[in-house]
1. So who's got an amide H within less than 5 Å of the one on Y31, skipping anything under 5 residues away but keeping other chains? H placed 1.01 Å off N, in plane.
2. Want the number for T47 to S25: 0.36 nm per residue separation, take away the alpha-carbon distance, what's left?
3. Measure off, as a whole percent, the carbon and sulfur share of the 1.4 Å-probe accessible area of the chain, all protein chains present.
4. Through the Karplus equation 6.51 cos²θ - 1.76 cosθ + 1.60, θ set to phi - 60°, convert the phi angles of the stretch 49-54 into ³J(HN,Hα) values in whole Hz; use x for Gly and Pro.
5. So how far apart, in nm, are the two label points at K54 and A17 if each is 7 Å from Cα heading toward Cβ?
6. With θ set to phi - 60°, apply the Karplus curve 6.51 cos²θ - 1.76 cosθ + 1.60 along the stretch 27-44 and write out the HN-Hα couplings as whole Hz, x wherever there is a Gly or Pro.
7. Excluding ligands and nucleic acids, what accessible area in Å² is computed for E40 using a 1.4 Å probe, to the nearest 10?
8. About the Cα centre of the stretch 3-55, how large is the charge dipole given +1 on each Lys and Arg Cβ and -1 on each Asp and Glu Cβ? Please answer in debye to the nearest 20.
Amino acid sequence: MAYVISDECIACGACAAECPVNAISEGDGKYVIDASLCTECGSCANTCPVGAPKAE
Ligand code: SF4
Ligand code: SF4
């Protein structure tokens, strides 16, 4: 289980700076989470201005 960034992402990069395990990187038009690294801490969801990271 991991958080997943939806297409609502506006690629602002705020979540990547807050992830404690560096699981978030810039993808094609939006940011993406490496599910093998995500610890489901929720920091990205709390930081995102548009609520794009969701717990799957
Ligand atoms: S839930 Fe936490 S560990 Fe997972 S991508 Fe978001 S900030 Fe990183
Ligand atoms: S904080 Fe939200 S909008 Fe910004 S890059 Fe992360 S998921 Fe996308």
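1. Residues meeting the amide H criterion: A11.
2. Working: separation 22, 0.36 × 22 = 7.92 nm, distance 1.50 nm.
That works out to 6.4 nm of additional length.
3. On the way: 1600 of 3340 Å².
C and S atoms contribute 48 percent here.
4. x, 10, x, 6, x, 10
5. So the label points at K54 and A17 sit 2.7 nm apart.
6. Calculated HN-Hα couplings, in order: x, 8, x, 7, 8, 10, 10, 7, 4, 6, 9, 4, 9, 6, 6, x, 4, 5 Hz.
7. Its accessible surface works out to 80 Å², give or take rounding.
8. Details: 2 positive and 7 negative charges, 19 e Å.
Dipole magnitude for the stretch 3-55 comes out near 100 debye.
The values are calculated or read from the model by the stated rules, or taken from the named source; none is laboratory data. Keep in mind it's a predicted model, so treat the numbers as computed, not measured. Heads up, the Cβs are rebuilt from the backbone with ideal geometry, glycines too, and the neighbour counts pull from every protein chain shown. The accessibility values were calculated without ligands, DNA or RNA, using every heavy atom of the protein model including side chains. Shrake-Rupley method; radii C 1.70, N 1.55, O 1.52, S 1.80 Å.
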